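Enquirer: Structure in structure tokens, see below.
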Amino acid sequence: MSVFNQSRSRVIQIIISAVFLIITLQLINLQLFSSKYKLAAENNAIYRKIIYPDRGIIFDRSRKPLLENIISYDLVVTPSEAKTTDTLALCALLNIDTAEYKKRMREAIFKNTSVKPSVFEPLLSTEMFARLSENMYKFPGFVLSERSVRNYPYNTAAQLLGYIAEVDTSFLRKHKDEGYEMGDYAGMNGLERTYEKVLMGQRGIKRFIRDNKSRIQGPYENGLFDTVAIAGRNLFTSIDVDVQQLAEQLLQNKIGSAVAINPRTGGIIAMVSSPTYNPNVLTGNARRKNWGRMVMDTAKPMYNRAIKGQYPPGSTFKPLGALVALDEGLITPSYGVGCGGGYAGCGSVYVRCEHKNPGHAANLRLALANSCNSYFSDVFRKAIDNRKYGNATKGYLKWKEYMNSFGLGRRLDVDLPSEDKASIPDTARYNKDFGGKGRWNSCSILTLGIGQDRMTATPLQLANLMCIIANKGYYYTPHFVDSIEREDTEDKEMLKKYRTKHIVTHISDSAYKAVHDGMHDVTVYGTASAINIPGVEYCAKTGTAQNPHGKNHSLFVAFAPKNNPRIAVAVVVENGGYGSVAAGPIAGFIMEKYLNDTISSAGLPEVERVTKINLIPAAIKQWYYRKDSIRAAKLAEEEASAKLETATEANNKANTEVQLELNTKPVGSNDTAIKLKIKSPLLLPEEQRKKAKGGKP
Amino acid sequence: MSKQKSVSQGIDTTVVWLYAILVSIGILCIFMVEYRNDGHWLQSFFNGKTSYSKQLIYAGVCAALATFILLTDSKLFTAFANLFYAFGILLMLSTFALGKNINGSKSWIPLFGGFNLQPVEICKIFTALALAKFLSRQETDFSKLKSQIIAGIITLLPAVISIIQHEAGMALVYFCFFLVMFREGLPPTILIIGFSFVALIISTLLIEPNTLAIILTVSVIVTIYLLRKQFKRSRGLLTLIIFIWAACVGIQRFAVPFIFNNVLECYQSARVYSAFGKDYDCSQNKRSAKKSDKTPKKPDDYNVRQSKIAIGSGGLLGRGFLKGTQTRGKYVPAQSTDFVFTSLGEAFGFVGCLVFLLIYLFFLFRVIQIAERQRSTFSRVYAYSVVSIILFHIAFNICMTIGLFPSPGVTLPLISYGGSSMVSFTILIFILLRLDADRQMVLR
């Protein structure tokens, strides 16, 4: 019998072999030809934990930290382990109710599942931290986890330093290949943004093995592939924190800006845009609220007017007008005009001058000291109508080229993001204004010569212009960062543009001397004569820019000392009137503080006075007032209602019947309300409250 | 002394060695799954709390059991085969009363000390014995249809019971006895029809219904054209071909969708579909829809996906002993029982798997060799039953882990964690060795 079917044994062996062959083929397919599984396994199991290095610190010129890192604590919860926690005690400590506790727990579970830790209360105050850490044993599942937060010991330079914030999707899209991930913090503005790569350091990555519920099992390959976090490098800036603070103080209650530059290096000593804010309000747990408030503020505290504000330079432009003519050889320092109270060279356009006495513009020095409009109108026309270039358009183009080389009408490339280039208008603009090519001439644009017309400049550009004049023809691109800790070649490349000397003119020193002398005379007997720096001779030029929207803007540019200048300043105060009134004293004190290290005792009451001058335009004041009154009204309302509630409690008892009646009827129907009024002489608390609100002014 | 000699005499040491090797590999695999990097692994090997230490205990129990079986007389098995079978069926039926629900199937009987017995595992042995007994009867003529039907009933009765218990995978294993019957003279047409049927179902799942109908029709027309001269001789052939065509199209168009939509549960259908890389739309499933009003949700193939990731990530040489992240992270569910092969595949890669499969293959071929040297039909039929059962277990289990077959919950012989499975395979193999030791005897 067994012999009969012997051959079938072979068949069965073949079947077995076939089954094993199929298995083997599939194994070959899976293990040898599908690389995706290896990747899938890694995605599954390897948890990359980013180890954040400390961000670099930004120092001022005397190595005082403008910002630093402090350790802050978050209360972190792992919901699945927090079941036995003393909820009531925790709520009492955190000043929340159990409903809030449950809500946060639900959110935590929703966001991060119940087995992973999530933040329960971020950025605890030191007091809260102390109270909690004593009681942590009562709260299993909760831990205090530390994190590094920015702190600004001097409460200053908010707009310059910028801020860091959690990256959002649009940021991630823009910086795709820079290794940011959701939840990272990055510099969003100011120096934090520009030097983000230097400050952020190198993040370390630790790899862990996690299980199917994302719990960490241990290091992956014993940390073989881990990288160490390298701390961010520090920045050493040219900011002088004392000057910066003083400038901020002086610009309080004003809208405007001040920039002080060291002309020898281009290092910015102080840069203020007012109104500003305390950088510490954007750290900590009130960040979101403060952020919202500042974004809504019509005075734009986060807007850096020093690099974005565009102001007509007015008379502060005049030294530059002279320099252009000098460089072109159109005038010499001894060139003079006879001004009888205005410039009438253009017939139809008459430019008035503040001075009538003859000889006030007999040479460049006098013209500058007296800020003679006629003189500079004349000089401007000379530049535009220069024979060399044939016609006004070509002359204008050459003039514009000069402007650009002096840093006007173009970005200076300061190391802050979103610098504005302000405006030196294009010929196209004038072609449009005057209805065609060649239909305008030097007379049409005459007021450019005295810094009006369509020309605008940022305070930074004006300060840079002062540097060029102070340096007699060269400048370094204004910048904050002098050096970077452990500078590498890449950093050197980045800072190279701030270490290159830009030579602008080839005017002789004697010609410059005339300009310096003229500007010095401004401070001696001219418009700035009231502003003194004890023991220092300085050069300045005031400016009063016409403002079509309101009171004139007050401008003041200066450099000091006259010989061997160490500081160049430009101050703009919006709606400040004459340059010497609002902007002048501010610039004066900035220079005094920087050069003398202190304000003389005689100057202190003056500082006090300037600080108190309030030049906020009425519209903005109105806005503040309204906002404040809304807040006050809200507060009053809350108080009133709290009072009413206690008062009406007794009434309520008597009123319950009426209220019940109300409740049975459709709520919100006018009809009911009226009926109710008729029925009952008593007012409902609801209505009483309304009345209280209405009665308030 | 003489008794001692008689125990070890004639025992096939190769099989014993292979058995020991496989059990050791099993414990190793379970160790890889359960291992925790806490420095106490050696202690936990013997504390009886972890799965691998339990498996070690089972192995000890099995060794005792094996010795006991080898000490018995071969005649015992022939004598009690039918009684055992009856007992097995009774045991399976008793689960309806005593059954404990584990993983959704009520097929376990709780025993003392927290151990559970799955009668369907043990019943395989009894079925094998009963089939061997039946086929070795002198009055049985297996070429007769009646005998074939009786043999079929013997093997499929436990399968039917386990289907009722929602143990579809185990039921499938009972089909392995057709391989044994084939060896004993079952007409090959039944096997061929069986294979064709499976092929038809698979192609129904893979190919668009209309396309498949067209393919079938075209192939039938081509066959008729080729055989047109034959029809003159026999009219029946044409009728047969047309009948086959009608049956195929009927199955493909109506029977298969009916089975998936009305007979099987949504999750079962989805598993079958996903094994062939298709999505099953549960909204078509009438049974699930009837059960609950809410729309039946689509179950995902998480198990198989993770299992494939684990094996696939092994590559050629594997990720190394205890280094597999899928295993350590417990991504593969039921990894110490049904998906134990994944830990091997991940840790030792293709080479490891191949070596492992070769051990199995060698084992099976060795048992076939043993089968063919038996004098008595009883022993031969039993030996072939052992081969078939183990083959089906291996095929179903490994094909499930590598995504070739829907996951039916069949253990990997001697490797998977679990006392029931381990004990039943030990008994299965050592009865064979006992019978083989007495191969000179003619057992009836």
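The values are calculated or read from the model by the stated rules, or taken from the named source; none is laboratory data. Just so it is clear, the structure is predicted and the values come from calculations on it, not from any experiment. So basically every Cβ, Gly included, is an ideal-geometry build from the backbone, and we count neighbours across all protein chains shown. Accessible surface areas use protein heavy atoms only, side chains included; no ligands, DNA or RNA. Shrake-Rupley method; radii C 1.70, N 1.55, O 1.52, S 1.80 Å.
Enquirer: Equivalent-ellipsoid semi-axes (√(5λ), Cα gyration tensor) for chain B, whole Å, largest first?
Expert: Value: 37, 32, 21 Å, ordered largest first.
Enquirer: Please compute, over every Cα-Cα pair in the range B:229-270, the percentage with a separation greater than 17 angstrom.
Expert: 51 percent
Enquirer: Residues in the range A:387-425 near a label at residue A:431, defined as backbone nitrogen under 16 Å from the 7 Å Cα→Cβ point?
Expert: Of the residues in the range A:387-425, A:391-398, A:425 have backbone N under 16 Å from the label point off residue A:431.
Enquirer: In a GNM of chain B with a 10 Å cut-off on Cα contacts, which of B:88, B:169, B:236 has the highest mean-square fluctuation?
Expert: Fluctuation is largest for B:236.
Enquirer: To continue, here is another question. Just the number: Rg to Rh for the range A:357-409, Cα atoms, Kirkwood Rh, two decimals.
Expert: 1.08
Enquirer: At R0 = 35 Å, how high is the FRET efficiency between residue A:112 and residue B:278 if r is their beta carbon distance? Nearest 0.05 is fine.
Expert: Rounded to the nearest 0.05, the efficiency is 0.50.
Enquirer: Between residue A:299 and residue A:563, what length comes free when the chain is fully extended (0.36 nm per residue of separation minus the Cα-Cα distance, one decimal in nm)?
Expert: Full extension of this stretch gives 91.1 nm more.
Enquirer: Let me ask something else about it. For residue B:208 and residue B:247, what does the FRET efficiency come to when R0 = 30 Å and r is the distance between their Cβ atoms, rounded to the nearest 0.05?
Expert: Approximately 0.90, to the nearest 0.05.
Enquirer: How high is the relative contact order of the range A:224-383, in percent, with contacts defined as C-alpha pairs under 8 Å that are six or more residues apart?
Expert: Worked out over the range A:224-383, it gives 15 percent.
Enquirer: Using only alpha carbons, build the gyration tensor for the range B:74-154 and give me the equivalent ellipsoid semi-axes, biggest first, whole Å.
Expert: Result for the range B:74-154: semi-axes of 30, 14, 8 Å.
Enquirer: Right, something else. Give me, ordered by chain and number, the residues 5 or more places off residue A:482 or on other chains with an amide H under 5 Å from its own placed amide H.
Expert: A:236, A:237, A:238
Enquirer: With n ≥ 4 as the cut-off for DSSP H runs, can you work out [θ] at 222 nm for the protein assembly as shown, using -39500 (n - 2.57) per run divided by the number of residues, rounded to the nearest 500?
Expert: Here the helix-only value at 222 nm equals -16500 deg cm²/dmol.
Enquirer: In percent, what relative contact order does the range B:1-91 have, based on Cα pairs under 8 Å that are 6 or more apart in sequence? Present the calculation step by step, with values, prior to reporting the outcome.
Expert: Values: 23 pairs, mean separation 20.3, N = 91.
It rounds to 22 percent for the range B:1-91.
Enquirer: In addition: Helix by helix, which DSSP H runs in chain A go 27 Å or more along their axis at the Cα atoms and have an average Kyte-Doolittle hydropathy of 1.0 or more?
Expert: Once both thresholds are applied, what remains is A:6-27.
Enquirer: Quick one: how many Å² of residue B:21 are accessible to a 1.4 Å probe, rounded to 10?
Expert: 70 Å²
Enquirer: Under the rule a/c < 1.5 gives rounded, and otherwise a/b versus b/c splits prolate from oblate, where does the range A:37-138 land using the Cα gyration tensor?
Expert: Numbers: a/c = 2.87, a/b = 1.12, b/c = 2.56.
Judged from the Cα gyration tensor, the range A:37-138 comes out oblate (a/c at least 1.5, b/c at or above a/b).
Enquirer: Put a dot 7 Å past each Cα toward the Cβ at residue B:321 and residue B:175; how far apart are the dots in nm?
Expert: 4.0 nm
Enquirer: Express the carbon and sulfur contribution to the solvent-accessible surface of chain A as a percent, rounded to the nearest whole number, probe 1.4 angstrom.
Expert: 53 percent
Enquirer: Taking just the alpha carbons, could you work out the radius of gyration and Dmax for the range A:543-652, both in angstroms?
Expert: Expressed in Å, the Cα Rg and Dmax of the range A:543-652 come to 23.4, 83.
Enquirer: Between residue B:112 and residue B:221, what is 0.36 nm times their sequence separation minus the Cα-Cα distance? Round to one decimal in nm. Working shown, then result.
Expert: Working: separation 109, 0.36 × 109 = 39.24 nm, distance 6.41 nm.
Value of the extension gain: 32.8 nm.
Enquirer: Taking all pairs of different Cα atoms in the range A:390-515, averaging 1/r and flipping that mean, what Kirkwood radius in angstroms comes out?
Expert: Radius from the Kirkwood sum: 16.6 Å.
Enquirer: Quick one: ranking B:259, A:261, B:251 by accessible area, 1.4 Å probe, largest first, what do you get?
Expert: I get B:259, B:251, A:261, largest accessible area first.
Enquirer: Let me know the shape class of the protein assembly as shown, please: from the alpha-carbon gyration tensor, a ≥ b ≥ c as square roots of the eigenvalues, rounded when a/c is under 1.5, otherwise prolate if a/b is greater than b/c, or oblate.
Expert: Cα axes put the protein assembly as shown in the prolate bin.
Enquirer: Also: Express the accessible area of the protein assembly as shown per residue in Å², computed with a 1.4 Å probe while the remaining protein chains stay in the model. Could the numbers behind the result be given before it?
Expert: Values: 54250 Å² over 1141 residues.
Computed with neighbouring chains in place, this is 48 Å² per residue.
Enquirer: Given points 7 Å out from each Cα along the Cα-Cβ axis, report the residue A:418 to residue B:9 separation in nanometres with one decimal.
Expert: 10.0 nm
Enquirer: Across the range A:299-383, how many lysine pairs, 8 or more apart or on two chains, come within less than 25 Å at their alpha-carbon atoms?
Expert: 5
Enquirer: Still on this structure, please answer the following. Please list B:167, A:42 in order of solvent-accessible area, largest first, computed with a 1.4 Å probe with all protein chains present.
Expert: Largest to smallest exposure gives the sequence A:42, B:167.
Enquirer: Please tell me the relative contact order of the range A:399-518 in percent, rounded to the nearest whole number, where contacts are Cα pairs under 8 Å and at least six residues apart.
Expert: 25 percent
Enquirer: Of the residues B:202, B:163, B:193, which exhibits the maximal mean-square fluctuation in a Gaussian network model of chain B defined by a 10 Å Cα contact cut-off?
Expert: Of the options given, B:193 has the highest mean-square fluctuation.
Enquirer: Here's something else I'd like to know. Set the Förster distance to 41 Å, then compute FRET efficiency between residue A:130 and residue A:639 from the Cβ-Cβ distance, nearest 0.05.
Expert: After rounding to 0.05, the efficiency reads 0.80.
Enquirer: Treating only the Cα positions of the range A:455-543 as identical point scatterers, give the base-10 log of I(q)/I(0) from the Debye formula at each q in 0.13, 0.20 Å⁻¹.
Expert: The Debye formula, applied to the Cα set alone, gives -0.60, -1.02.
Enquirer: Across 10 Å bins from 0, what is the distribution of all Cα-Cα pair distances for the range A:191-343, in whole percents?
Expert: Final binned percentages: 8, 19, 23, 18, 14, 10, 3, 2, 2, 0.
Enquirer: While we're on this one: What's the average, rounded to a whole number, of partner chain beta-carbon atoms within 10 Å of each residue's beta-carbon in B:251-261?
Expert: For this peptide, the per-residue mean of nearby foreign Cβ atoms is 0.
Enquirer: Related question: Residue by residue, what Karplus-based ³J(HN,Hα) values in Hz, rounded to whole numbers, does the range B:429-434 have, using 6.51, -1.76 and 1.60 with θ = phi - 60° and x for Gly and Pro?
Expert: 6, 6, 4, 4, 5, 4
Enquirer: Right, something else. Spin-label point model (7 Å from Cα, Cβ direction): what's the residue A:91 to residue A:252 distance in nm?
Expert: 4.4 nm
Enquirer: Mind checking which of B:22, B:191, B:414 has the largest fluctuation in a GNM of chain B, springs on alpha carbons under 10 Å?
Expert: B:191
Enquirer: Leaving out ligands, DNA and RNA, and with a 1.4 Å probe, what % of the accessible surface on the range B:112-176 is carbon or sulfur?
Expert: Taking all protein chains in place, the range B:112-176 shows 70 percent carbon and sulfur surface.
Enquirer: Which of the cysteines in chain A are isolated, no other cysteine C-beta under 4.7 Å?
Expert: A:91, A:339, A:353, A:372, A:467, A:539
Enquirer: In addition: Total accessible area buried between chains A and B, 1.4 Å probe, in Å² to the nearest 100?
Expert: 3900 Å²
Enquirer: Moving to a separate point now. Would you calculate the convex hull of the Cα atoms in the range B:28-116 and tell me its volume per residue in Å³?
Expert: Dividing the Cα hull volume of the range B:28-116 by its residue count gives 140 Å³.
Enquirer: Here's something else I'd like to know. How much length is gained if the chain between residue A:492 and residue A:146 is pulled fully straight, taking 0.36 nm per residue apart and subtracting their Cα-Cα distance, in nm to one decimal?
Expert: 121.1 nm
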